[in-house]
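Working notes for the structure below.
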Amino acid sequence: MGILSFCFLVFCIHELVSAQITTEPSEVAAINKLIDYWGLKSKLNLTTDPCTPGASWAAETANPRVACDCAANICHITHLKIYALDISGELPRELFQLTELMDLNLGQNILSGSIPPEIGNLLKMQYLSLGINNFSGLVPVAFGNLTKLKSLSFSSNDFNGPLPVDLGKLTSLEQLYIDSSGVSGPIPQELSNLKSLHTVWASANGFTGKLPEFFGTFTNLTTLRLEGTALEGPIPSSYAALTKLEDLRIGDLSGEDSTLDFLVNLTSLAILSLRSAQVTGEIPSQIGTFPNLQSLDLSFNKLTGSIPNTFEDSQSLHFLYLGSNMLNGEIPSNIITPELRALDISFNSITGNLPANFAKIGQSLNVLGTLVNGDGLLDGKASEISRCLISDNKCTEKFPVNSFAVKCGGSQQISSNGVRFDDDSETLGASSIYTSSNNNWAVSNTGSFISNPNGPQYTTHTASQITGTFDSELYKTARVSPNSLRYYGLGLRNGRYNVELHFSEIQMDDSESWKGLGKRLFDIYIQGERVVQDFNIKKEAHGSKRALVKSFEANVTNTNIDIHFKWAGKGTCCIPFQSTFGPLVSAIHVSQVSNVSGSSNDNKKQVGRIVGITLGVVAGMLITASVFYLWWVKKTPEHMRVSTDSPKKNLTSV
């Protein structure tokens, strides 16, 4: 037999064998049922065998995707992806007949209901993604059956109750994404078995109890996120063993204080955020030498001592947030390196002069509330408010004002009731302070959207009409922040003020789509007092792009008012796009309602005059009424007079 004849024979045999390979009939029936149930025929019309070699729907980039394993004489469906296509309803039972599935991606849809225990039948599953849906009920215990799982995601759902202890059986698990999933209660000790984990996203859940000590045994961890929970400190010293960590975010802790000693050997860190983590003590100098550290956030803690000089030599650090601590000493002379994009040392007892090279990062520098010489950076009234906020000295103003209004993130506008909202369209950086042209107010932003592929965006806008208001344009722009956004009223007359805060959720949808599943939560402080916790604009306004006004009263005793919008690690992070979280505000109007300053005698005189006039008028009316009554009694025959306790019908019976 010649070579060509032999090759032809082999080819024919291969084609014959291929023709005999078919897909398991029960799987064909199941996949077709799923396509019908989720209305996908226009996108995935399996007119031929779903495991047809070379089918377009089997490509790795296909969506929807159906891929198979045909190693034996019968094909099995092993991969199913229906991603971000807004399929709805509950998980149909037919899904669990695909028992050969290894990879199931149903992320970013609007699937609802509880997850049936039959999901435990998919014993060959390695990658399971159910994130960004509307699932509810308990996290299924049956997840514990899927012992081959390498990646499990059910982030951004509406589950309730605790994590099942059976998750501790998933000893092959490498990735666990459960942030914003709705789970609560203590983190089960059984999860200590998951030694293969290298990625854990668990922020924005209702976890309680102490930070788990056993996380320190997950020595393969490269990413750990635990912000916005009800967990308590201290941060265990066992975390010092996590030397492979590249991204560590722990925040919003209560309970016992922590120190930074556990960080000394975590030299692989690129992102380190311990914001609002009850951290005390000094900043270890070693942190400034970490070769890959790009973002460091230690704000809103109780750190003391000075800023280590080692930060002067950093070749990688882009963002440094040390605001709202108890740091002291002088600002290091060369802390502002060419690589540094943002520095926040606000609200500390730091002194000294700004380095000569501070202009290299322009406005991304915030020394508000410090004793640092901010000439050239803090203009106008901002320098005054900086001094007022760090001392007990009384601040005075020669020409005090009694109101101000700001169109947050937009241009000047006069509202339907005549209030002029000032322009606030100035571009802010990742750590900025801006003072208005009339010196009546200032705004500061701190924080960076680390994961935003489009770069930092600190304003947002919409072209859509805003409902529930006569001033739609007022709500079409807004300031946003990933961490801390503050507005300050400057040079105010001391007294009682009404604070009107205007909101409209213009970044998150409320449509019947996965894009409508986002939740924005943040806290509001006025004059240092938290007045709203876990504020959700969309929920309170009953939808997106609807106007909402919240009013509060506050005292001004030192010519300034501080309105603070602060993210506490809660809500979703990435709906409808990456880095959609944090405070958002559309407009602010602050106006005086009374005076409680040293002019109280004038107030008393004014009140006295008002009371005197009122009493005089009342007395005059009483005298007039008495005279009229006597005249009426004298002139009216007795049978025409009506008793005061007679029914009104007697008036017409005479």
Going fewest to most other Cβ atoms within 10 Å around each Cβ, TRP441, TRP38, TRP57, TRP567 line up as TRP57, TRP38, TRP567, TRP441
Starting from the Cα-Cα distance between GLN286 and ARG496, subtract it from 0.36 nm times their residue separation and give me the gain in nm to one decimal.
-> 70.8 nm
Aspartates and glutamates whose Cα lies under 20 Å from that of LYS476, excluding same-chain neighbours fewer than 8 positions away = ASP422, ASP423, ASP424, GLU426, GLU500, GLU505, ASP509, ASP510, GLU540
Take SER551, SER349 and order them by how many other Cβ atoms sit within 10 Å, fewest up front.
-> SER551, SER349
Gap separating the Cα centres of region 296-327 and region 39-116, nearest whole Å | 49
With label points set 7 Å from each Cα along the Cα-to-Cβ direction at HIS461 and SER184, the distance between them in nm comes to 4.1
Extension reserve of the SER349-ASP36 stretch, reckoned as 0.36 nm per residue once the Cα distance is removed | 106.1 nm
For a label point 7 Å along the Cα-to-beta-carbon line of ASN193, residues of region 138-169 with backbone N under 11 Å = 144-147, 165-169
With each label point set 7 Å from Cα along the Cα-Cβ vector, what nm distance links LYS539 and ASN160?
-> 1.3
Contour minus Cα-Cα distance for ALA84 and VAL532 (0.36 nm per residue) | 157.9 nm
Take the Cβ-Cβ distance between LYS150 and SER425 as r, set R0 to 41 Å, and report the resulting FRET efficiency rounded to the nearest 0.05.
-> 0.30
J(HN,Hα) series, region 23-35, from Karplus relation 6.51 cos²θ - 1.76 cosθ + 1.60, nearest Hz, glycine and proline x = 8, 3, x, 5, 6, 4, 4, 5, 5, 5, 5, 4, 4
In nm, to one decimal, how far is the SER306 label point from the VAL593 one, both placed 7 Å along Cα→Cβ?
-> 4.8
Treating only Lys and Arg (+1) and Asp and Glu (-1) as charged, each at its beta carbon, one finds that region 403-594 has a dipole about its Cα centre, in Debye to the nearest 20, of 200
Relative compactness, region 403-594, computed as alpha-carbon Rg over 2.2 N^0.38 Å = 0.97
Quick one: of LYS244/LYS570; LYS43/LYS545; LYS519/LYS570; LYS41/LYS515, which pairs are farther than 20 Å apart, Cα to Cα?
-> LYS244/LYS570; LYS43/LYS545; LYS41/LYS515
Residues of region 393-409 with backbone N under 19 Å of the label point set 7 Å from the Cα of SER437 along Cα→Cβ are 404-409
In whole Hz, the Karplus estimates of ³J(HN,Hα) for region 403-414 (6.51, -1.76, 1.60; θ = phi - 60°; x where Gly or Pro) are 6, 7, 9, 10, 8, 4, x, x, 8, 4, 8, 9
LEU123, LEU474, LEU428 arranged by Cβ crowding within 10 Å, fewest neighbours leading = LEU123, LEU428, LEU474
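Values quoted throughout were computed directly from the atomic coordinates according to the rules given, and no laboratory measurement underlies them. As the structure is a prediction and not an experimental result, all values here were calculated from the model. We place every Cβ from the backbone using ideal geometry, glycine too, and count neighbours over all the protein chains shown.
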